[in-house]
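Read-outs: derived from the displayed coordinates by stated rules, not from any lab. Please read these numbers as outputs of a predicted model, since none were measured by experiment. No Cβ is skipped: glycine too gets one built from the backbone with ideal geometry, and neighbour counts run over all protein chains shown.
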Amino acid sequence: MATRRSSRPSDADLQWASRYLSAAEETLLSTMTGDDQAHVIRVARRVDASVAVSDPLLGPERRWMIAAALMHDVGKAEAPLGPLGRSAVTVIVWLGGGRVARRYVDRSGRLGRAARYATYPELGASLLTQAGSDARVAAWSREHHLPMSSWSIPPPAGEVLSRADDLG
Ligand SMILES: [Fe+2]
Ligand SMILES: [Fe+2]
């Protein structure tokens with residue numbers, strides 16, 4: 001039976017990531033699971049590789065785009081669920097249950113674990129706003145699962161970020 005190997009970013013990867021993050025954002029990155037950290041660093045390295053510094057349109061946007069890639073899934077740290085739970089919630093959200101999940105508030109007014117996972121893009125955006133991140137970095141956390149028509153960030157930047165995320 002195949003076992004799933006969990007990945008962790010290397011020290012070199014973390015050092016590379018820290019060049020694009022504030023101290024507060026680095027702390028947020030460290031709260032994510034090893035798998036999630038490895039994923040966001042892979043996404044950020046793809047963004048780094050696909051946008052040339054000399055690109056007239058996106059070259060000047062590179063820094064915040066790489067930070068946005070590193071931070072886009074940070075809300076997951078607030079919603080710790082195992083891989084099976086994550087898959088279940090992903091399917092529910094895919095089927096249109098996001099709005100329903102948002103109503104899963106417990107009696108004390110707090111979101112349950114599954115609902116927190118379903119709303120992690122928004123949780124991430126709040127964490128990033130509190131951390132004083134660039135507004136576009138917080139926006140991409142909120143918007144990265146939404147259709148392009150709902151993006152507030154420039155579509156060419158969102159397309160690069162989205163494509164890099166889709167590769168896993
Ligand atoms: Fe995501
Ligand atoms: Fe992602």
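Working from label points 7 Å from Cα in the Cα-to-Cβ sense, the residue 52 to residue 166 distance is 2.3 nm.
How high is the FRET efficiency between residue 33 and residue 63 when r is their beta carbon distance and R₀ equals 35 Å, given to the nearest 0.05? Efficiency for this residue pair is about 0.85.
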